[in-house]
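First comes the structure, then the notes that go with it.
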Amino acid sequence: MFWKRNRVKSRYLACFLSSAFICSSIFSSKVYADSETPHLPEITLNHTANKTLDLKPLYLSTIVKTASASDIAAEPSYDQSITLPEALSYVLKHGLPLKISRESLNYQHWLTLSNIATALPTFSTSYTLSRANVFNKGTTSIGRTFIAGVTYPVFQGGGIVYPILAQRYREKGWLYAYKATLSDVFLDVYQKYTNLLVNRVLLQIAAKTVEVDHELLKVTQVQLKSGTGTNFAVLQSETLLASDKQLLLQQQVAVRRAALALNLSMNFPMSVNLVPVEETISEAPLFHDDVNVSTLIKDALKFNPSLHQYEMFWLTARRNIQIAASAFYPQVSFFTLYQQNDTQVTPPVNASDVGGIATSTITSFLNSTFAGRVTNNALGQQYSFSPTGGSTSTQGANTGPSAMPAASGGDPIATVQSGSLVSSGAVAPSIFGGGAGPGTSPNTNGSLQAPAGIFPGVFRSFQAGFSLSWSLPNMLLGSAANIYTARTLAREALMQANQEVGLVLRTVRGDYLAMLNARAVIDSAAYAVSSSREAWRLSRVRLKEGVGTGVEEIQAQRDYVSALTNQAQAIANSNIAQAQLLHDMGMISVDTLTDGYKAGIFIDPSKQLN
C-alpha cells in the first residue's frame, strides 16, 4: 500500500497535528516592520484567476506556537501524503461498502447457478434393510434393497426455465446496485478529500491570522511606549490574539477530524494522519463551460446504474408471471431405474412356504378358520368372488388349499369358485411394489403383492420409462390468483422504473444548475476577497498614520479572513457540485474525477476489479 512506502512530514504548518508549532515554508516572505505595510497583489476578476485561491499573502514569515498543539500532534502515529487518484484507487480495492455490496452480488450469482442446476437430471439412490417375522410359519427374513435412478426433466410448464431467467435478471439488477454503491463510494471519498483540503487551507488562514495578531500587538505596544497609543488598544490586541489562537487550535482539531473521516471512507488505518499534497485549493475543470445539458441527459440515461437496476427488477417481475402460470401445464419427464433385491429366509426350508405373499392379510371376514392363509382378494385378483361362498381356496371348485400359492410357483387357483368367475389365477409377485390387499382394477402387474423384502432370492432389474402428470389443485383458483398477483407486482415495478427515470432527469438538471451557480459564487467571493483585502490594507495605513484605530484594523482583518474562507468554500462547493453531477449521471470514476467528463465515453470502474 502506498502509505507504507511514503511517510512524510508536513512541509509547512507543522501544527497540522504532527508537531507543536507551525514552521515557515519555502515561500516565506520577510517579516514586516512596524512602519511597513504588506504588499497585497491585485486580483484579476475573471473566473480563470478566481478559481484558484491565492495563498501567497498567507504564507507565514514567523514561527507561530500554539497551546496544546503537542497533545494534538501526539495523537496520530505519523503523517502520510496522499493524492486524490491514490485515495480513489485505494478505496476501489479496500473499501468496506464495496466489499459488502460485492458479497451481495456474489450471493445472487450463486442463486443463479442454483436455478440453472434445476434443469439438470436428478440422480437418486437408496438402500433399505428390512426384517420380517412370519409368525404362523415360524419364519424370519432379512431383505436388502438397493435402488439407483435418474430422472430427466423434459417439460415442466416453464417451472424450470422461467425461474432461471428471473434469477438472472435479478442478478443483473444487483450488479447495477453494486455499480451504484461504487458511485456512492467515489463521491463520498471525493467529498471527504475536498473537505480535508479545505480545512487545511482554513488552517493556513487561521495561522496567518495569529501571525498578524502578533504584529498588531507589537504595533500597539510600541504606540503605548511612544505615547501615541493606549493601554486599551494593547488589551484589545492581546484579547484578539488569544481568541485567534483558540480558533487556530479548533481548526487543528477540525483538520484531524476531516482526516479521520477520510480514513474511515477509505478503510485506512486511523493512526495515520492523511495530508493532501495540494498546497492550495482550485476548482477542478471536470466539465467544460460549453457543456450541453441535453448531452448530459443522454449520457445519464445510458450510464446511470439505478435506471438499469429498476429495469432488471421489472423484467424479473415479468418472469414471475410466467412462473405462476406454469401450474396450468402438465409435467413431463423421462426416468431410468436400476434395482437389486437380496432376501434371505430363516430357516431356509421355509422359503417355499413364504414366497412373496407371506405377509398378505386376509381381507375377507368370512370363514376366519382359515386365518393366515392367503386369499384371492389378498392376492389382488379380480373379479370378485361370490359373497356367500367364501373367498378361500378350499371352497368352491378347489378340493383343498394349495400347498404353495401360485405366486411362488404352485398350481394356480381354480378359475371357478362357487359358481363365480374369477381371474385366471395369481400373477407373479411384484419385485418393486408391496402388497396392499385387493385393488379396484384387475391385478396385472403384481403391484398389490407382498413386498420383495420377504421374497427369497436375488433379483436385479432395470427400468426406463416416460412420466406425465397433470394436476389441477383447488381447480387452479389459487394459481390464477398468483398470476394476477405477479401481474400487479410487475406493473408496480414498471411504474417504479418510470419514476426513477423522472427522478434521474430532475436530478441531472438540478445538478447542472447547481454547478453553474457554484461557479458564479466563486467569482462573487473573489470580489469580496479583493475589496476586503484593500480595506484591510487601508486600515493598517490609517493606524500607522494615527488617523485610524485598532478596532478598525481588527474588523478589516476579520472581514478579509471571512472573505478568504468564503472563497475557499465556494471553490470546494463547485468541485463537489461537479462530482455530484458525475455521480447522478452514473459516470463517476477515477478517470472522470481526475481528467474530467468526456461526452459518451465512460470506462466502468467495476471492470477494473475483475
Residue match in region 265-278 (condition: assigned by TED's automatic domain parsing to the domain that holds PRO76, part of a helix (DSSP H, G or I) and under 18 Å from THR83 (Cα atoms)): yes
Flag for VAL198 being touching a Gly at 6+ places or on another chain (Cβ under 6 Å), surrounded by 20 or more Cβ atoms within 10 Å (Cβ to Cβ) and over 30 Å from LEU543 (Cβ atoms): no
Odd one out for ALA520, checked against (1) in a helix (DSSP H, G or I); (2) among the aliphatic types (A, V, I, L, M); (3) more than 30 Å from LEU296 (Cα to Cα); (4) free of Cβ contacts under 8 Å to residues at least 24 places away in the same chain: (3)
Matching option when the condition is in contact (Cβ under 8 Å) with a residue 40 or more places away in the chain, aromatic (Phe, Trp, Tyr) and outside the structural domain of LEU494 (by TED's automatic domain parsing), among TYR176, TYR152, TYR127, TYR169: TYR152
Meets criteria (loosely packed, with under 14 Cβ neighbours inside 10 Å, more than 19 Å from GLN204 (Cα to Cα) and of a type outside the set (Val, Ile, Thr)) for LYS607: yes
Qualifying positions in region 213-234 - assigned to a helix (DSSP H, G or I) and either in contact (Cβ under 8 Å) with a residue 24 or more places away in the chain or not assigned by TED's automatic domain parsing to the domain that holds PRO305 (or both): ASP213, HIS214, GLU215, LEU216, LEU217, LYS218, VAL219, THR220, VAL222, ALA233
Hits in region 264-287 - residues which are over 30 Å from LEU581 (Cβ atoms), touching a helix residue (DSSP H, G or I) at 6+ places or on another chain (Cβ under 8 Å) and surrounded by fewer than 20 Cβ atoms within 10 Å (Cβ to Cβ): PRO269, MET270, VAL272
Lone qualifier among ALA177, ALA261, ALA207 - being small (Gly, Ala, Ser), assigned to a helix (DSSP H, G or I) and buried (at least 23 other Cβ atoms within 10 Å of the Cβ): ALA207
Single residue of region 101-148 satisfying the filter (surrounded by fewer than 14 Cβ atoms within 10 Å (Cβ to Cβ) and charged (D, E, K, R)) that is farthest from ILE164 (Cα to Cα): ARG131
Residue within region 193-212 that is assigned by TED's automatic domain parsing to the domain that holds PRO605 and touching a Phe, Trp or Tyr at 6+ places or on another chain (Cβ under 7 Å) present: yes
Filter result (more than 40 Å from the chain's Cα centre (by Cα) and in a loop (DSSP other than H, G, I, E, B)) within region 105-163: GLY138
Per-region count, region 544-561, residues in a helix (DSSP H, G or I) and in contact (Cβ under 8 Å) with a residue 40 or more places away in the chain: 7
Residue within region 302-324 that is aliphatic (A, V, I, L, M), more than 29 Å from the chain's Cα centre (by Cα) and either in the same structural domain as TYR484 (by TED's automatic domain parsing) or surrounded by fewer than 19 Cβ atoms within 10 Å (Cβ to Cβ) (or both) present: no
Enumeration of residues in region 280-337 that are assigned to a loop (DSSP other than H, G, I, E, B), of a type in the set (Val, Ile, Thr) and either out of contact with any Phe, Trp or Tyr (no Cβ under 9 Å at 6 or more places or on another chain) or within 30 Å of SER124 (Cβ to Cβ) (or both): THR280, ILE281
Of all residues in region 569-610 being outside any helix (DSSP H, G or I) and either of a type in the set (S, T, N, Q) or not assigned by TED's automatic domain parsing to the domain that holds PRO85 (or both), the one that is farthest from LEU301 (Cα to Cα): ASN610
So ASN517, is it assigned by TED's automatic domain parsing to the domain that holds VAL293, surrounded by fewer than 21 Cβ atoms within 10 Å (Cβ to Cβ) and modelled with pLDDT of 90 or more: yes
Residue check, ALA526 within 18 Å of ASN46 (Cβ to Cβ) and within 51 Å of the chain's Cα centre (by Cα): yes
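The values are calculated or read from the model by the stated rules, or taken from the named source; none is laboratory data. Fair warning: this is a prediction, and the values are worked out from it, not measured in the lab. Neighbour counts run over all protein chains shown; Cβ positions are idealised from the backbone, glycine included.
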